[in-house]
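Here's the structure, in structure tokens; my notes come after.
Derivation of every value follows stated rules applied to the coordinates shown; laboratory data play no part. Source: prediction; values computed, not measured. Methodologically, a virtual Cβ is constructed for each residue, glycine included, from the backbone with ideal geometry; neighbour enumeration extends over all protein chains shown.
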Amino acid sequence: MLALVATTPRIAALTAPPQVLSGTTVQAQYAAFGSGTLSYIVTAPDGRRLQGGSLPDHSGAIFITIPHSRMPGAYTLRMAMSNALGSVNDSRVINSLPAALSGAWVEGVSVAPAVAKPGQKIEVSYAAEGTSGYVRLIGTDGTIWGQRRFSRNGEASFIVPPFTTTNEMRVVVRVNEGKTSAQSMAGIVVATRSAGAFPIKLAADPSEAGVPALGENGTFVLVKQTVRSDEPIAVRVLAPRNDMRISLTDMQSHEIRGAAASLEPNGIVTLQAPSVSVPTRYTVIATFKDAFGQETVVEPVTVVPR
């Protein structure tokens, strides 16, 4: 019995400063007990991964660099530990306040659509400051498939290359000003399988796991985008990834539910919806490892009263 207690995963402490200036590096302290894999992830206000990975020691410090920004935002530190006996997680929110910016900076890089077909046009948006720079569409092997001059209006467009197999790419924005430079990026997936190859029907019953579906993010799809209080939120995983975890967070990036995803294509993960008295918006987040490291994909879900 004592051996069982000693090996059960437990996060005993997790501390982080609740408020910091953007552009600073903060220190979070943690302590965990039991056996198993201990990992963490830091996500930006829009759900993008900032940093993360496994932790070799069960106690210590994590140094988190909060990007420069002209807008306030909430960054979330999540820690998880798991073994054969179960899993635990904990989270803290770090509120970032705007700081005076000088020199080059880039933030808010996004690509639409995030899953595109060969030959399709994609639109890039970003916020940046500098006197020169570029926006590039780059393959995982470093091949530059397109380049545009940095523009202060924060817009660029590219045509997806004519790949014959599914590929991952990234859009890199780099700007320079004087002796300073800044760079940020966003990833996209080039899906060669046409949407017509998938049935459009989404399963009304989560048990119908054999019915494939095509989600806009290409990674997972919500069986229902609106659910009632305390009902299951069914998430169908279309493209299983290494160490994939599905979680439900509120608009302040607090995790409410979480579960590991199956490695089976079209596997279903269910998260119980919280009880609400008014329609409330939440976010379903998938975190996983891919060619770019730890990645995050998000989809909104609305919970309504019974």
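Summary table below
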{"read-out": "Förster-model FRET efficiency, 25 Å R0, Arg228 and Ser262, C-beta, rounded to 0.05", "value": "0.50"}
{"read-out": "Distant-in-sequence amide H partners of Lys224 (H built 1.01 Å from N, under 5 Å)", "value": "Ala234"}
{"read-out": "Long-range HN-HN contacts of Gly133 with modeled amide H, under 5 Å", "value": "Phe150, Asn176"}
{"read-out": "Label-point gap, in nm, between Arg281 and Lys179 - each point 7 angstrom along Cα→Cβ", "value": "4.4"}
{"read-out": "Under-5 Å amide H pairs with Gln272, H placed in peptide plane, nonlocal only", "value": "Ile233"}
{"read-out": "Pairwise FRET efficiency - Thr65 versus Thr37, Cβ, R0 = 22 Å, nearest 0.05", "value": "0.35"}
